[in-house]
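Asks: Below is one structure. I have some questions about it.
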Amino acid sequence: MTDAPLAAATHQILMTERGVSPKPVIRTFFDEATFTASHVVHDPNTKAAAIIDSVLDYEASSGRTSYASAEKIVAYIHAEGLHVEWQLETHAHADHLSAAPWLQEQVGGKLGIGADIVTVQKVFGKIFNAGSQFARDGSQFDRLFHDGELFKIGTLDAIALHVPGHTPADMAFIIGDAAFIGDTLFMPDYGTARADFPGGDARMLFHSIHRLLKLPKQTRLFLCHDYKAPGRDTFAWETTVGAERAHNVHVHDGVTEDDFVQMRTTRDAKLSLPNLIMPSVQVNIRGGHMPEPEDNGVSYIKIPINKM
């Protein structure tokens, strides 16, 4: 059976490489505190832009937020004369808070995420006992993308590919010849994302990764995180399909599905939860907004005891 969305993405990438379609301009902002790479991609013809996986600074010990990371993005947007059409999230992150609502106030753009965010909202809404006032229908977002859905950033063609496994809602956004793949893959020397969060599935992740690895080998892959593998001196967030297929320590060509699932399951069992998972998930399933203030006007983050 033909994977029509993947075939469309492949065609789009080849057309960009042949000069038929514009090549996106990409600038990455790396937040070392959370090891997160946020990307600004824009159309060189129209200056239309998208911001992907932005970071809201959060001090866990005090519960205070700040905007230093997001302000760098705003400064770049203004300096380059860009106009933001999209704020895109590859998934509901468990390791950093999204700055998308604040960025919308500063530079605009519709907020988009994968349609299966509703599954994540239902799972974590129950875990955090969010109450009936928390909508579990994705209405906190402006656009819920389905697999294979087409959209535009100026004259740039873009396609959403559903790549679940890390979470049920993960989306890769193929924009021109570049793929923004969230937490599916890391740099080849670091491997792949964990699959042990509620709703995660290592076998599903294997299939999602191999879906991405069927794209042309020269496809540029932009990652959401880098943790700097031992022996590497610098952070990195851009690789290619070919490099991942040849060198990824977890899922290079020749690794079987069963071998990957066994490795991933064993490895995940030894991992600690991300430091910011409690605030991050509660905020990000709300589209980056804080929980509703209580009767004293203050928002609170819940920590379920002996649950996660």
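Asks: Classify the range 4-284 as rounded, prolate or oblate, taking a ≥ b ≥ c as the square roots of the eigenvalues of its Cα gyration tensor: rounded when a/c is under 1.5, otherwise prolate if a/b is larger than b/c and oblate if not. Mind dumping the intermediate values first?
Replies: Values: a/c = 1.35, a/b = 1.01, b/c = 1.33.
Because its axes are fairly even, with a/c under 1.5, the range 4-284 counts as rounded.
Asks: Under 22 Å between alpha carbons, and skipping anything fewer than 8 positions from Lys302 in its own chain: which lysines qualify?
Replies: Cross-link targets: Lys122, Lys126.
Asks: Any idea what the relative contact order of the range 21-139 is, in percent, if you count C-alpha pairs under 8 Å spaced at least 6 apart?
Replies: So the answer I get is 20 percent.
Asks: Can you list the lysines whose alpha carbon sits under 25 Å from that of Lys228, skipping same-chain ones fewer than 8 residues off?
Replies: Output for Lys228: Lys72, Lys217, Lys270.
Asks: Fewest Cβ neighbours within 10 Å first, please rank Val241, Val251, Val20 accordingly.
Replies: Final ranking by Cβ density, sparse to dense: Val20, Val241, Val251.
Asks: Reachable lysines from Lys23, Cα under 16 Å, same-chain residues fewer than 8 places away excluded?
Replies: Lys47, Lys152
Asks: While we're looking at this one, here's another question. Rounded, prolate or oblate, given the Cα gyration tensor of the range 202-308, with a/c below 1.5 counting as rounded?
Replies: prolate
Asks: Further, regarding this structure: Can you name the helices of the chain, as whole DSSP H runs, whose Cα span along the helix axis is 27 Å or more and whose Kyte-Doolittle mean is not below 1.6?
Replies: Qualifying helices, which must be both long enough and hydrophobic enough, do not occur.
Asks: Sticking with this one: When the chain is treated as a GNM, springs tying every alpha-carbon pair under 10 Å, which of Val249, Val163, Val84 comes out with the largest mean-square fluctuation?
Replies: Val249
Asks: Please check: in the Gaussian network model of the chain (C-alpha springs, under 10 Å), which one of Gln133, Gln282, Gln106 has the largest mean-square fluctuation.
Replies: Most flexible of the set in this elastic network: Gln133.
Asks: A further question follows. Note down the relative contact order for the chain as a percent, whole number, built from C-alpha pairs under 8 angstrom at least six residues apart. It would help to have the intermediate numbers written out before the result.
Replies: Values: 639 pairs, mean separation 55.1, N = 308.
Answer for the chain is 18 percent.
Asks: Moving on to the next point. What residue among Pro198, Gly231, Thr155 has its Cα farthest toward the positive end of the dipole of the chain, where the charges are +1 on Lys, Arg and -1 on Asp, Glu, each on the Cβ?
Replies: Pro198
Asks: Let me ask another. For a footprinting-style exposure proxy, rank Asp137, Asp201 by other Cβ within 10 Å, fewest first.
Replies: In order of increasing Cβ crowding within 10 Å: Asp137, Asp201.
Asks: Would you please classify the overall shape of the range 124-189 from the alpha carbon gyration tensor, given that a ≥ b ≥ c denote the square roots of the eigenvalues, rounded means a/c under 1.5, and beyond that prolate means a/b larger than b/c while oblate covers the rest?
Replies: Since a/c reaches 1.5 but b/c is at least a/b, the shape of the range 124-189 is classed as oblate.
Asks: Right, next: Which of Trp86, Trp237, Trp102 moves the most in a Gaussian network model of the chain with Cα springs under 10 Å?
Replies: Trp102
Asks: What ranking of Leu273, Leu97 emerges when the number of other C-beta atoms within 10 Å of each C-beta is taken as an exposure proxy, fewest first?
Replies: On the way: Leu273 13, Leu97 22.
The most exposed by this proxy come first: Leu273, Leu97.
Values quoted throughout were computed directly from the atomic coordinates according to the rules given, and no laboratory measurement underlies them. Computed from a prediction, not measured in an experiment: that's the story for all the values here. All Cβ positions, glycine included, derive from the backbone under ideal geometry; neighbour counts span all protein chains shown.
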